[in-house]
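Enquirer: Pasting a structure below so you can have a look.
The values are calculated or read from the model by the stated rules, or taken from the named source; none is laboratory data. Just so you know, these numbers come straight off a predicted model, no measurement behind them. Here the Cβ positions follow ideal geometry from the backbone for every residue, glycine too, while neighbour counts run over all protein chains shown. Accessible surface is based on the protein model in full, side chains and every heavy atom, while ligands, DNA and RNA are left aside. Shrake-Rupley method; radii C 1.70, N 1.55, O 1.52, S 1.80 Å.
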Amino acid sequence: VSFSDKAIIQAGGTYEPSAEIPGMEYVTKKGFVALYADMQTGNIAVEDMRTRVIYYSSPPGADQDEYAFGTYQARLKSPLMTTDVVESSGTTQTKNSYEQAYQKGGVLVKKTDTGIQVWYKFMEEKYAVPIEIALCDDGFRVRILTDKIVEKGEARLFGIALMPFFGAQTGDQQGYMLVPDGSGALIRFSSEKQEYAQYNSRLYGDNYLTSMEYSANVKENSALPMIGLQTGNGGFLAVADNGAAYGNVIAGVDGQLTGYNHTYFNFDTRSSQSSLIGNPQSFNAKTVSVYEQGNIAVGDISVRYILLASKPDDGLSKMAQTARAYLDQQYDNFQPAELHNPFYISTIGGYRKRTSVFGIRRDITVPVSPFDKTGYMQSKLEKYGLPDAAYLYSGYDKAALYGE
(Lines give C-alpha, C1' and ligand atoms only; values in the text may rest on other atoms or scores of the structure.)
Protein backbone atom coordinates (compact mmCIF):
# COMPACT_ATOMS: atom_id res chain seq x y z
CA VAL A 1 0.00 0.00 0.00
CA SER A 2 1.67 3.19 -1.18
CA PHE A 3 -0.42 5.96 0.35
CA SER A 4 0.58 8.08 3.35
CA ASP A 5 -1.65 9.00 6.29
CA LYS A 6 0.52 11.95 7.29
CA ALA A 7 -1.62 15.07 7.74
CA ILE A 8 -1.48 17.71 5.04
CA ILE A 9 -3.32 20.21 7.26
CA GLN A 10 -2.30 20.22 10.92
CA ALA A 11 -5.07 20.05 13.53
CA GLY A 12 -3.57 22.79 15.72
CA GLY A 13 -5.63 22.00 18.81
CA THR A 14 -7.97 19.57 20.53
CA TYR A 15 -11.51 19.25 19.20
CA GLU A 16 -14.67 17.50 20.28
CA PRO A 17 -17.66 16.45 18.15
CA SER A 18 -20.82 18.47 18.62
CA ALA A 19 -23.31 17.03 16.20
CA GLU A 20 -26.19 14.65 16.79
CA ILE A 21 -27.25 13.36 13.39
CA PRO A 22 -30.64 11.61 13.06
CA GLY A 23 -30.31 8.02 11.84
CA MET A 24 -26.55 7.93 12.44
CA GLU A 25 -24.33 7.06 15.34
CA TYR A 26 -21.01 8.54 16.34
CA VAL A 27 -18.10 6.26 15.39
CA THR A 28 -14.79 7.95 16.18
CA LYS A 29 -12.71 11.11 15.81
CA LYS A 30 -9.16 11.97 14.77
CA GLY A 31 -7.47 15.34 14.48
CA PHE A 32 -10.23 17.81 13.70
CA VAL A 33 -12.49 15.23 12.00
CA ALA A 34 -15.40 13.24 13.49
CA LEU A 35 -17.10 10.31 11.75
CA TYR A 36 -20.76 9.27 11.99
CA ALA A 37 -22.33 6.29 10.21
CA ASP A 38 -25.71 4.86 9.33
CA MET A 39 -25.14 1.27 10.42
CA GLN A 40 -27.90 0.06 8.08
CA THR A 41 -26.99 1.69 4.74
CA GLY A 42 -23.28 2.43 5.13
CA ASN A 43 -23.81 6.14 4.51
CA ILE A 44 -21.57 8.45 6.52
CA ALA A 45 -21.40 12.02 7.79
CA VAL A 46 -18.09 13.77 8.48
CA GLU A 47 -17.83 16.78 10.78
CA ASP A 48 -15.06 19.35 10.47
CA MET A 49 -14.83 20.14 14.18
CA ARG A 50 -12.99 23.41 13.49
CA THR A 51 -15.94 24.94 11.65
CA ARG A 52 -18.80 22.57 12.66
CA VAL A 53 -19.54 22.00 8.96
CA ILE A 54 -20.95 18.52 8.23
CA TYR A 55 -20.46 16.72 4.91
CA TYR A 56 -22.81 13.87 4.01
CA SER A 57 -22.22 10.95 1.65
CA SER A 58 -25.94 11.12 0.84
CA PRO A 59 -27.74 14.51 0.81
CA PRO A 60 -30.19 14.76 3.74
CA GLY A 61 -32.87 16.05 1.36
CA ALA A 62 -32.55 13.25 -1.21
CA ASP A 63 -36.18 12.14 -0.82
CA GLN A 64 -37.44 15.64 -1.63
CA ASP A 65 -35.30 16.18 -4.74
CA GLU A 66 -37.62 17.44 -7.49
CA TYR A 67 -35.21 16.51 -10.31
CA ALA A 68 -34.31 12.93 -9.40
CA PHE A 69 -36.78 10.17 -10.25
CA GLY A 70 -36.67 6.40 -9.98
CA THR A 71 -33.17 5.01 -9.97
CA TYR A 72 -31.60 8.48 -9.84
CA GLN A 73 -33.19 9.15 -6.48
CA ALA A 74 -31.84 5.80 -5.30
CA ARG A 75 -28.37 6.83 -6.48
CA LEU A 76 -28.59 9.91 -4.26
CA LYS A 77 -28.85 7.52 -1.29
CA SER A 78 -26.00 5.25 -2.42
CA PRO A 79 -22.41 5.58 -1.21
CA LEU A 80 -21.42 3.03 -3.85
CA MET A 81 -22.39 2.47 -7.49
CA THR A 82 -21.21 -0.33 -9.75
CA THR A 83 -21.14 -1.08 -13.45
CA ASP A 84 -21.31 -4.75 -14.32
CA VAL A 85 -21.11 -6.78 -17.50
CA VAL A 86 -23.29 -9.79 -18.27
CA GLU A 87 -20.93 -12.13 -20.04
CA SER A 88 -23.50 -13.90 -22.21
CA SER A 89 -24.88 -10.70 -23.73
CA GLY A 90 -21.94 -8.30 -23.34
CA THR A 91 -24.25 -5.60 -21.99
CA THR A 92 -23.34 -3.22 -19.16
CA GLN A 93 -25.64 -1.88 -16.47
CA THR A 94 -25.13 0.62 -13.67
CA LYS A 95 -26.33 -0.52 -10.24
CA ASN A 96 -26.56 1.31 -6.92
CA SER A 97 -26.04 0.09 -3.36
CA TYR A 98 -29.39 1.44 -2.10
CA GLU A 99 -31.65 -0.57 -4.46
CA GLN A 100 -29.52 -3.62 -5.21
CA ALA A 101 -27.90 -4.09 -1.78
CA TYR A 102 -29.60 -2.22 1.10
CA GLN A 103 -33.24 -2.81 0.07
CA LYS A 104 -32.47 -6.52 -0.34
CA GLY A 105 -30.74 -6.88 3.03
CA GLY A 106 -27.25 -6.97 1.58
CA VAL A 107 -25.39 -4.30 3.60
CA LEU A 108 -23.18 -5.24 6.54
CA VAL A 109 -21.48 -2.45 8.52
CA LYS A 110 -19.00 -2.92 11.34
CA LYS A 111 -16.78 -0.54 13.29
CA THR A 112 -12.99 -0.65 13.15
CA ASP A 113 -10.31 1.11 15.19
CA THR A 114 -10.18 4.01 12.70
CA GLY A 115 -13.66 4.04 11.15
CA ILE A 116 -15.93 1.47 9.55
CA GLN A 117 -15.85 -1.39 7.08
CA VAL A 118 -18.88 -2.00 4.85
CA TRP A 119 -19.77 -5.03 2.75
CA TYR A 120 -22.17 -4.28 -0.10
CA LYS A 121 -23.72 -7.54 -1.27
CA PHE A 122 -25.58 -7.11 -4.56
CA MET A 123 -27.97 -9.95 -4.02
CA GLU A 124 -29.39 -10.65 -7.49
CA GLU A 125 -26.08 -9.99 -9.24
CA LYS A 126 -24.28 -12.28 -6.75
CA TYR A 127 -21.24 -10.13 -6.17
CA ALA A 128 -20.01 -8.29 -3.08
CA VAL A 129 -17.78 -5.24 -2.71
CA PRO A 130 -16.09 -4.41 0.62
CA ILE A 131 -14.92 -0.86 1.35
CA GLU A 132 -13.06 0.63 4.28
CA ILE A 133 -13.52 4.18 5.58
CA ALA A 134 -10.72 5.33 7.87
CA LEU A 135 -10.19 8.74 9.44
CA CYS A 136 -7.03 10.80 8.93
CA ASP A 137 -6.07 13.86 11.01
CA ASP A 138 -7.37 16.17 8.27
CA GLY A 139 -10.06 14.09 6.58
CA PHE A 140 -10.65 10.45 5.71
CA ARG A 141 -9.82 7.79 3.16
CA VAL A 142 -12.20 5.43 1.34
CA ARG A 143 -10.56 2.24 0.12
CA ILE A 144 -11.96 -0.55 -2.03
CA LEU A 145 -10.69 -3.87 -0.72
CA THR A 146 -10.21 -5.23 -4.24
CA ASP A 147 -8.56 -8.47 -3.12
CA LYS A 148 -11.71 -9.36 -1.17
CA ILE A 149 -14.29 -8.67 -3.92
CA VAL A 150 -16.49 -11.72 -4.46
CA GLU A 151 -18.18 -12.65 -7.76
CA LYS A 152 -20.36 -15.76 -7.66
CA GLY A 153 -22.81 -15.16 -10.51
CA GLU A 154 -22.56 -14.46 -14.22
CA ALA A 155 -22.15 -10.70 -13.83
CA ARG A 156 -18.61 -9.31 -13.71
CA LEU A 157 -17.66 -5.98 -12.17
CA PHE A 158 -16.40 -3.49 -14.71
CA GLY A 159 -16.46 -0.27 -12.67
CA ILE A 160 -16.99 1.08 -9.14
CA ALA A 161 -17.94 4.66 -8.21
CA LEU A 162 -17.02 5.82 -4.70
CA MET A 163 -19.13 8.34 -2.75
CA PRO A 164 -20.77 9.86 -5.88
CA PHE A 165 -22.71 12.45 -3.85
CA PHE A 166 -20.32 13.18 -1.00
CA GLY A 167 -20.64 16.86 -0.08
CA ALA A 168 -23.23 17.43 -2.83
CA GLN A 169 -24.94 20.82 -2.80
CA THR A 170 -28.20 22.14 -4.26
CA GLY A 171 -28.24 24.85 -6.90
CA ASP A 172 -29.37 27.56 -4.50
CA GLN A 173 -26.04 27.31 -2.65
CA GLN A 174 -22.94 29.35 -3.43
CA GLY A 175 -19.93 27.39 -4.60
CA TYR A 176 -18.15 25.49 -7.34
CA MET A 177 -16.43 22.22 -8.25
CA LEU A 178 -12.82 21.75 -9.32
CA VAL A 179 -12.07 19.19 -12.06
CA PRO A 180 -8.58 18.33 -13.41
CA ASP A 181 -9.32 19.43 -16.98
CA GLY A 182 -6.05 20.71 -18.46
CA SER A 183 -4.52 23.02 -15.86
CA GLY A 184 -7.75 22.76 -13.85
CA ALA A 185 -11.27 24.04 -14.43
CA LEU A 186 -14.14 25.26 -12.27
CA ILE A 187 -17.78 24.27 -12.70
CA ARG A 188 -19.88 26.75 -10.77
CA PHE A 189 -23.14 25.88 -9.07
CA SER A 190 -26.22 27.08 -11.00
CA SER A 191 -24.07 27.38 -14.10
CA GLU A 192 -27.02 26.83 -16.48
CA LYS A 193 -25.32 23.78 -18.00
CA GLN A 194 -28.31 21.49 -17.49
CA GLU A 195 -28.71 20.77 -21.21
CA TYR A 196 -25.14 19.47 -21.50
CA ALA A 197 -23.90 15.99 -20.65
CA GLN A 198 -22.15 15.42 -17.34
CA TYR A 199 -18.43 16.13 -17.28
CA ASN A 200 -16.55 12.85 -17.74
CA SER A 201 -12.79 12.69 -18.21
CA ARG A 202 -10.35 9.82 -17.95
CA LEU A 203 -7.44 10.49 -15.66
CA TYR A 204 -4.13 10.84 -17.53
CA GLY A 205 -5.98 10.99 -20.84
CA ASP A 206 -7.25 8.65 -23.53
CA ASN A 207 -5.30 6.32 -25.75
CA TYR A 208 -3.13 8.55 -27.93
CA LEU A 209 -3.18 5.98 -30.75
CA THR A 210 -6.81 6.98 -31.28
CA SER A 211 -7.06 9.26 -34.28
CA MET A 212 -8.68 12.59 -33.39
CA GLU A 213 -10.65 12.26 -36.63
CA TYR A 214 -12.68 9.50 -35.00
CA SER A 215 -13.12 11.17 -31.59
CA ALA A 216 -16.51 12.63 -30.70
CA ASN A 217 -14.84 15.63 -29.08
CA VAL A 218 -11.41 16.87 -28.10
CA LYS A 219 -10.65 17.13 -24.38
CA GLU A 220 -7.82 18.56 -22.38
CA ASN A 221 -5.73 15.95 -20.62
CA SER A 222 -6.50 15.33 -16.92
CA ALA A 223 -3.00 15.10 -15.52
CA LEU A 224 -3.66 15.28 -11.75
CA PRO A 225 -5.94 12.78 -9.95
CA MET A 226 -7.66 15.48 -7.90
CA ILE A 227 -11.13 16.96 -7.57
CA GLY A 228 -12.58 19.53 -5.21
CA LEU A 229 -15.86 20.99 -4.05
CA GLN A 230 -16.40 24.36 -2.38
CA THR A 231 -19.60 25.26 -0.57
CA GLY A 232 -20.63 28.51 1.03
CA ASN A 233 -18.97 27.61 4.33
CA GLY A 234 -16.44 24.86 3.69
CA GLY A 235 -14.88 22.60 1.09
CA PHE A 236 -12.70 19.60 0.38
CA LEU A 237 -9.99 18.34 -1.93
CA ALA A 238 -10.14 14.65 -2.91
CA VAL A 239 -7.16 12.73 -4.29
CA ALA A 240 -7.24 9.32 -5.97
CA ASP A 241 -4.09 8.20 -4.17
CA ASN A 242 -4.23 4.60 -5.38
CA GLY A 243 -5.62 3.28 -8.65
CA ALA A 244 -5.77 6.65 -10.42
CA ALA A 245 -4.66 5.05 -13.69
CA TYR A 246 -8.01 3.21 -13.74
CA GLY A 247 -10.05 6.28 -12.84
CA ASN A 248 -12.45 8.74 -14.41
CA VAL A 249 -13.60 12.07 -12.99
CA ILE A 250 -17.33 12.73 -13.24
CA ALA A 251 -19.13 15.94 -12.33
CA GLY A 252 -22.78 16.94 -12.67
CA VAL A 253 -24.61 20.20 -12.02
CA ASP A 254 -27.97 20.69 -10.40
CA GLY A 255 -30.87 20.15 -12.77
CA GLN A 256 -29.21 17.54 -15.00
CA LEU A 257 -30.17 14.19 -13.49
CA THR A 258 -30.56 15.33 -9.88
CA GLY A 259 -30.91 18.63 -8.07
CA TYR A 260 -27.35 18.43 -6.70
CA ASN A 261 -23.92 19.62 -7.80
CA HIS A 262 -21.52 16.74 -7.25
CA THR A 263 -18.18 15.33 -8.39
CA TYR A 264 -16.55 11.95 -7.80
CA PHE A 265 -14.17 9.24 -9.07
CA ASN A 266 -15.27 6.17 -10.98
CA PHE A 267 -12.72 3.33 -11.30
CA ASP A 268 -12.49 0.58 -13.92
CA THR A 269 -11.87 -2.79 -12.32
CA ARG A 270 -11.49 -4.49 -15.70
CA SER A 271 -10.31 -3.29 -19.09
CA SER A 272 -12.38 -2.95 -22.22
CA GLN A 273 -11.64 -2.42 -25.87
CA SER A 274 -13.95 -0.89 -28.45
CA SER A 275 -13.58 -1.37 -32.20
CA LEU A 276 -15.41 0.56 -34.90
CA ILE A 277 -16.60 -1.73 -37.69
CA GLY A 278 -17.29 0.05 -40.95
CA ASN A 279 -16.76 3.59 -42.21
CA PRO A 280 -17.15 6.00 -39.26
CA GLN A 281 -19.10 8.35 -41.53
CA SER A 282 -21.58 5.64 -42.49
CA PHE A 283 -24.94 5.01 -40.82
CA ASN A 284 -24.09 1.31 -40.86
CA ALA A 285 -20.95 1.68 -38.73
CA LYS A 286 -21.09 -0.26 -35.47
CA THR A 287 -19.03 -0.10 -32.29
CA VAL A 288 -18.28 -3.47 -30.69
CA SER A 289 -16.94 -3.65 -27.13
CA VAL A 290 -14.97 -6.51 -25.61
CA TYR A 291 -14.44 -6.77 -21.85
CA GLU A 292 -11.66 -8.39 -19.85
CA GLN A 293 -12.71 -11.80 -18.59
CA GLY A 294 -10.11 -12.65 -15.96
CA ASN A 295 -10.09 -11.99 -12.23
CA ILE A 296 -9.87 -8.43 -10.93
CA ALA A 297 -6.18 -7.56 -10.71
CA VAL A 298 -6.02 -3.76 -10.49
CA GLY A 299 -4.56 -3.62 -6.98
CA ASP A 300 -5.41 -1.02 -4.36
CA ILE A 301 -8.00 1.67 -5.12
CA SER A 302 -8.54 4.50 -2.68
CA VAL A 303 -9.57 8.15 -2.43
CA ARG A 304 -8.37 10.52 0.27
CA TYR A 305 -10.61 13.45 1.24
CA ILE A 306 -8.96 16.49 2.87
CA LEU A 307 -11.33 18.95 4.58
CA LEU A 308 -10.76 22.67 4.06
CA ALA A 309 -11.92 25.49 6.31
CA SER A 310 -12.52 27.77 3.34
CA LYS A 311 -14.98 30.22 1.80
CA PRO A 312 -15.79 30.64 -1.91
CA ASP A 313 -13.43 33.62 -2.25
CA ASP A 314 -10.39 31.72 -0.94
CA GLY A 315 -11.45 28.11 -1.59
CA LEU A 316 -9.59 27.73 -4.88
CA SER A 317 -6.32 29.04 -3.45
CA LYS A 318 -6.65 26.68 -0.47
CA MET A 319 -7.31 23.75 -2.80
CA ALA A 320 -4.19 24.67 -4.79
CA GLN A 321 -2.05 25.04 -1.67
CA THR A 322 -3.32 21.71 -0.32
CA ALA A 323 -2.67 19.96 -3.65
CA ARG A 324 0.89 21.32 -3.76
CA ALA A 325 1.50 20.30 -0.12
CA TYR A 326 0.17 16.81 -0.86
CA LEU A 327 2.50 16.40 -3.86
CA ASP A 328 5.47 17.76 -1.92
CA GLN A 329 4.76 15.25 0.84
CA GLN A 330 4.24 12.25 -1.44
CA TYR A 331 7.37 12.91 -3.52
CA ASP A 332 9.67 14.20 -0.79
CA ASN A 333 12.46 11.87 -1.91
CA PHE A 334 11.71 12.17 -5.61
CA GLN A 335 14.70 12.86 -7.84
CA PRO A 336 14.14 13.72 -11.51
CA ALA A 337 15.41 10.99 -13.78
CA GLU A 338 18.39 11.77 -15.97
CA LEU A 339 17.28 12.65 -19.49
CA HIS A 340 18.48 10.14 -22.06
CA ASN A 341 16.65 11.25 -25.19
CA PRO A 342 18.91 13.41 -27.39
CA PHE A 343 16.11 14.13 -29.83
CA TYR A 344 12.55 13.22 -30.79
CA ILE A 345 11.07 11.79 -33.95
CA SER A 346 7.48 12.61 -34.76
CA THR A 347 5.77 10.17 -37.13
CA ILE A 348 2.41 10.62 -38.80
CA GLY A 349 0.29 7.59 -39.53
CA GLY A 350 -2.11 9.36 -41.85
CA TYR A 351 -3.97 12.56 -42.56
CA ARG A 352 -7.43 13.43 -43.84
CA LYS A 353 -7.80 14.74 -47.38
CA ARG A 354 -10.77 15.70 -49.52
CA THR A 355 -10.63 14.05 -52.94
CA SER A 356 -12.78 12.64 -55.72
CA VAL A 357 -13.68 8.95 -55.82
CA PHE A 358 -15.48 8.00 -59.06
CA GLY A 359 -16.52 11.62 -59.38
CA ILE A 360 -17.90 11.84 -55.84
CA ARG A 361 -16.29 14.28 -53.42
CA ARG A 362 -15.39 12.67 -50.11
CA ASP A 363 -12.83 12.65 -47.30
CA ILE A 364 -10.24 9.89 -47.23
CA THR A 365 -7.30 8.98 -45.01
CA VAL A 366 -3.94 9.18 -46.75
CA PRO A 367 -1.37 6.83 -45.13
CA VAL A 368 2.09 8.20 -44.41
CA SER A 369 4.18 6.07 -42.01
CA PRO A 370 3.23 2.49 -41.17
CA PHE A 371 3.64 1.77 -37.48
CA ASP A 372 6.07 -1.12 -38.05
CA LYS A 373 8.55 1.22 -39.78
CA THR A 374 9.53 2.67 -36.41
CA GLY A 375 11.47 -0.51 -35.66
CA TYR A 376 13.39 -0.05 -38.90
CA MET A 377 14.11 3.59 -38.06
CA GLN A 378 15.30 2.64 -34.58
CA SER A 379 17.70 0.01 -35.91
CA LYS A 380 19.23 2.56 -38.29
CA LEU A 381 19.63 5.12 -35.50
CA GLU A 382 21.30 2.57 -33.24
CA LYS A 383 23.72 1.73 -36.06
CA TYR A 384 24.81 5.36 -36.19
CA GLY A 385 25.15 5.75 -32.42
CA LEU A 386 21.73 7.19 -31.41
CA PRO A 387 20.07 4.47 -29.32
CA ASP A 388 17.75 6.62 -27.19
CA ALA A 389 15.48 8.51 -29.57
CA ALA A 390 11.93 9.14 -28.40
CA TYR A 391 9.03 8.58 -30.80
CA LEU A 392 5.84 10.62 -30.97
CA TYR A 393 2.93 9.09 -32.86
CA SER A 394 0.14 11.14 -34.41
CA GLY A 395 -2.83 10.30 -36.63
CA TYR A 396 -2.75 6.52 -36.19
CA ASP A 397 -6.15 4.87 -36.48
CA LYS A 398 -6.52 1.11 -36.76
CA ALA A 399 -5.89 1.05 -40.51
CA ALA A 400 -3.03 3.55 -40.44
CA LEU A 401 -1.13 1.34 -38.03
CA TYR A 402 -0.53 -0.94 -41.00
CA GLY A 403 -0.16 1.74 -43.65
CA GLU A 404 -3.49 1.02 -45.29
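Enquirer: Considering only residues that are exposed (fewer than 12 other Cβ atoms within 10 Å of the Cβ) and modelled with pLDDT of 80 or more, look in the stretch 374-404 and name the one that is nearest to residue 349 (Cα to Cα).
Expert: 392
Enquirer: Tell me whether the stretch 272-295 contains one or more residues that are open to solvent by less than 10 Å² (accessible area, probe 1.4 Å) and either at negative phi or touching a residue at least 12 places away in the same chain (Cβ under 8 Å) (or both).
Expert: no
Enquirer: Okay, next question. For residue 60, state whether it is without any contact (Cβ under 8 Å) to a residue 12 or more places away in the chain, within 18 Å of residue 235 (Cα to Cα) and either out of contact with any Asp or Glu (no Cβ under 6 Å at 6 or more places or on another chain) or not basic (Lys, Arg) (or both).
Expert: Considered against the rule, which asks whether it is without any contact (Cβ under 8 Å) to a residue 12 or more places away in the chain, within 18 Å of residue 235 (Cα to Cα) and either out of contact with any Asp or Glu (no Cβ under 6 Å at 6 or more places or on another chain) or not basic (Lys, Arg) (or both), residue 60 comes out as yes.
Enquirer: Okay, next question. For the stretch 219-277, give me every one of the strands (runs of 3 or more DSSP E) that falls completely inside it and has 3 or more residues that are touching a Leu at 6+ places or on another chain (Cβ under 8 Å).
Expert: 226-230, 235-242, 247-252, 260-268
Enquirer: Only one of 150, 85, 109 is closer than 30 Å to residue 51 by Cα and of a type in the set (Val, Ile, Thr); which?
Expert: 109
Enquirer: Any residue that is at pLDDT below 95 and aliphatic (A, V, I, L, M) - is there at least one of those in the stretch 147-154?
Expert: no
Enquirer: Here is a list: 304, 324, 362, 354. Which entry is of a type in the set (Lys, Arg), open to solvent by less than 60 Å² (accessible area, probe 1.4 Å) and at pLDDT 80 or above? I'd like the intermediate steps shown before the answer.
Expert: On the way: 324 fails: open to solvent by less than 60 Å² (accessible area, probe 1.4 Å); 362 fails: open to solvent by less than 60 Å² (accessible area, probe 1.4 Å); 354 fails: open to solvent by less than 60 Å² (accessible area, probe 1.4 Å).
Residue meeting the stated conditions: 304.
Enquirer: Return only the number of the condition from (1) of a type in the set (Gly, Ala, Ser); (2) touching a Leu at 6+ places or on another chain (Cβ under 7 Å); (3) at pLDDT 95 or above; (4) over 23 Å from residue 248 (Cβ atoms) that residue 106 does not satisfy.
Expert: For residue 106, the failing item is (2).
Enquirer: Across the stretch 85-111, which residue is least open to solvent (accessible area, probe 1.4 Å) among those that are of a type in the set (Val, Ile, Thr) and more than 23 Å from residue 34 (Cα to Cα)?
Expert: So in the stretch 85-111, the residues of a type in the set (Val, Ile, Thr) come out as 85-86, 91-92, 94, 107, 109.
Pick out the ones that are also more than 23 Å from residue 34 (Cα to Cα) and you get 85-86, 91-92, 94.
Details: 85: 13, 86: 39, 91: 68, 92: 63, 94: 66 Å².
For the stretch 85-111, the residue satisfying everything is 85.
Quick grid of which residues meet (1) closer than 21 Å to residue 231 by Cβ; (2) touching a helix residue (DSSP H, G or I) at 6+ places or on another chain (Cβ under 9 Å); (3) open to solvent by 40 Å² or more (accessible area, probe 1.4 Å):
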| site | (1), (2), (3) |
| --- | --- |
| 47 | yes, no, no |
| 50 | yes, no, yes |
| 57 | yes, no, no |
| 65 | yes, yes, no |
| 69 | no, no, yes |
| 75 | yes, yes, yes |
| 83 | no, no, no |
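Enquirer: Pull up the stretch 112-157, narrow it to residues that are of a type in the set (Lys, Arg) and over 22 Å from residue 44 (Cβ atoms), then point me to the one that is least open to solvent (accessible area, probe 1.4 Å).
Expert: Going through the stretch 112-157, the residues of a type in the set (Lys, Arg) turn out to be 121, 126, 141, 143, 148, 152, 156.
Of the ones still in play, those that are also over 22 Å from residue 44 (Cβ atoms) are 126, 152, 156.
Working: 126: 119, 152: 163, 156: 63 Å².
For the stretch 112-157, the residue satisfying everything is 156.
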